[in-house]
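Quick notes on the structure that follows.
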Amino acid sequence: MTKLLLVNAHGRTWYWREPGPQPLCTQAVKPSKKLGGGSILLWGCMPAAGVGNLCGIFVTMTGSVYTEILERHMLPTTAWADH
């Protein structure tokens, strides 16, 4: 399981420019989002036979949600990966 941030979490972006004073250009200005801009939670598996299922999680992760993910996504993946 991994959490992907929709906007850079560090709030820092690097920009290359030539040394010396220069006017501000549009490439150096980046729009921002308050409160980080959100994130998505993904669950996936990789059996030895190849890449398995991937599912997005759009609810609060609880034990029953995780059990449902394993039943719906991991078990079918292990069934085809064994062949």
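The values are calculated or read from the model by the stated rules, or taken from the named source; none is laboratory data. All of these numbers come straight from a predicted model, not from anything done at the bench. Glycine gets a Cβ as well: all are built from the backbone with ideal geometry, and neighbour counts include every protein chain shown.
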- Message: Any residue at all in the range 53-68 that's more than 20 Å from the chain's Cα centre (by Cα), modelled with pLDDT of 80 or more, surrounded by 10 or more Cβ atoms within 10 Å (Cβ to Cβ) and in a helix (DSSP H, G or I)?
- Response: yes
- Kindly list the number of the only condition in (1) modelled with pLDDT under 80; (2) under 23 Å from Leu75 (Cβ atoms); (3) part of a strand (DSSP E or B); (4) not basic (Lys, Arg) that fails for Leu4. (2)
